[in-house]
1. Does region 262-294 hold any residues that are among the basic types (Lys, Arg) and modelled with pLDDT of 75 or more, and which are they?
2. Which condition from (1) surrounded by fewer than 19 Cβ atoms within 10 Å (Cβ to Cβ); (2) out of contact with any Gly (no Cβ under 7 Å at 6 or more places or on another chain); (3) under 22 Å from Ser98 (Cα atoms) is the one that Ile153 breaks?
3. For region 125-133, state whether one or more residues are surrounded by fewer than 14 Cβ atoms within 10 Å (Cβ to Cβ), away from the ligand (no atom under 16 Å from the Cβ) and assigned to a loop (DSSP other than H, G, I, E, B).
4. Identify, please: which residue in region 72-99 is within 16 Å of the chain's Cα centre (by Cα) and among the β-branched types (Val, Ile, Thr) and is, among those, farthest from the ligand (Cβ to nearest atom)?
5. Can you find even one residue in region 216-225 that is among the aromatic types (Phe, Trp, Tyr), more than 27 Å from Tyr263 (Cβ to Cβ) and either in contact with a helix residue (DSSP H, G or I) (Cβ under 8 Å, 6 or more places away or on another chain) or more than 16 Å from the ligand (Cβ to nearest atom) (or both)?
6. Identify the residue in region 233-264 that is aromatic (Phe, Trp, Tyr) and assigned to a helix (DSSP H, G or I) and, among all such residues, is nearest to the ligand (Cβ to nearest atom).
7. Can you tell me which residues in region 161-211 are within 16 Å of the ligand (Cβ to nearest atom) and part of a loop (DSSP other than H, G, I, E, B)?
Amino acid sequence: MALKIPIPGRKKDQEAAAPSENGDLNGSSNGQNGHVEGPTRAERVQKAKELGIHHGKEAGMNATDWVEERVNGTGIYTAMLSRKVPKGTNWFYTLGSSVMFIFAMQAITGVVLAMYYTPSATQAYATIAHITNDVFLGEFVRGLHKWGASLMIILIFLHMARTFFFGAYKYPRELNWVIGVVLIVLTMVMGLTGYLLPFDQRSFWATIVANNITASGPIAGPFLADFLRAGPDFSATTLSRFYALHMLVVPGLIAGLIGAHLYLVVKLGTTAPPWVRAARPKGARPSELVPAGVPTLDATELVMNGSTNGHTNGSGNGAVPHPDEVIAIEEPPAEAAAEAAPEASSPVEPATDAPTENGDAGGEQS
Ligand code: HEM
């Protein structure tokens with residue numbers, strides 16, 4: 001027999017329910033006919049709303065909400081993928097993400113290859129041949145990893161060229177440029193260390209040549225070559241050293257630096273293309289009337305590249321403005337301006353498309 005549980009507040013259940021000992025189920029019996037007269041559901045919902053009680057949150061929180069409440073994943077998602085970008089942002093801006101995508105692919109295919117590869121001078125070549133000839137999709141995964149390495153180098157150079165020609169290395173993004181330089185060096189170290197791993201004739205002799213070139217470098221060269229060789233001569237330990245660098249050290253460093261690189265991209269925003277000109281905000285004086293670099297002014301009152309909030313790119317990130325980037329200041333009250341310089345208060349044709357020094361689109365965001 002099914003057990004019927006009365007739901008407090010539901011009219012028919014209330015009517016069917018027997019009165020409790022004191023005849024008062026929820027403290028509002030009329031005490032005459034034993035019927036319980038509680039608030040209706042609509043009244044209770046209304047009451048809960050007034051008290052600010054959200055039943056979904058109080059009672060049945062699902063796993064996604066639980067995690068979200070603790071990590072604020074939506075905030076991270078918004079910062080990374082739904083952030084505002086300057087007007088004129090185009091396909092060239094996808095190069096950095098492409099490099100990241102290839103890096104992720106290299107990591108995944110590398111892990112698969114590592115499951116079958118043995119970094120030993122006697123077995124390395126044989127295990128590579130085994131991956132290529134016997135392992136299911138082995139040749140495909142190896143091909144992805146091999147071609148991915150070349151693609152990553154090409155894309156990273158294109159990405160660097162994009163940031164260079166768009167002037168994205170300038171203030172306040174110099175640090176991101178420096179991190180990028182370290183990333184490009186590490187990516188090439190990945191190429192060098194990975195090249196030896198098949199341990200065939202070509203990779204063996206090419207690595208010896210590369211090592212000799214390294215040794216010919218000034219001051220640090222010989223030490224670096226010794227470190228890579230794991231001694232004065234090329235030996236079996238050289239392979240282990242290259243493998244450890246290729247598998248653990250360098251990818252770890254690259255992953256960490258990509259994190260820092262992206263953090264700065266999100267914090268500072270991206271640079272607008274150089275051909276996009278910053279619009280002059282309403283009320284701002286034409287830039288030619290204002291000398292650049294006025295250090296005495298309050299930074300929050302400066303108009304930075306078309307943005308009035310003290311940001312260099314209007315991305316709402318609170319970057320500290322640089323005096324050299326000042327292009328215009330807020331218009332003073334009309335009377336004050338007239339008193340100070342009557343001739344200067346004459347109407348001037350507004351220069352709505354004054355370009356900025358670094359090509360930032362400022363507050364113009366799409
Ligand atoms: C593993 C290598 C790299 C990855 C994964 C990477 C990733 C990214 C991503 C996703 C962005 C934002 C989108 C974009 O502008 O394309 C970016 C921006 C940037 N990257 Fe890289 N990058 C790498 C290497 C480099 C290198 C080698 C340089 C220069 C030497 C560099 C300098 C910059 C700069 C200056 C920005 C800011 C661009 C702007 O503000 O418009 N990055 N990077």
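1. Lys267, Arg277
2. Only one criterion is unmet by Ile153, namely (2).
3. No, the conditions are met nowhere in region 125-133.
4. The qualifying residue farthest from the ligand (Cβ to nearest atom) is Thr74.
5. Within region 216-225 (the criterion being among the aromatic types (Phe, Trp, Tyr), more than 27 Å from Tyr263 (Cβ to Cβ) and either in contact with a helix residue (DSSP H, G or I) (Cβ under 8 Å, 6 or more places away or on another chain) or more than 16 Å from the ligand (Cβ to nearest atom) (or both)), the answer is yes, since at least one residue qualifies.
6. Restricting to residues being aromatic (Phe, Trp, Tyr) and assigned to a helix (DSSP H, G or I), the top hit is Tyr263.
7. The answer is Phe166, Gly167, Ala168, Tyr169, Lys170, Tyr171, Pro172, Arg173.
The values are calculated or read from the model by the stated rules, or taken from the named source; none is laboratory data. Just so it is clear, the model here is predicted, and its values are computed rather than measured. We place every Cβ from the backbone using ideal geometry, glycine too, and count neighbours over all the protein chains shown.
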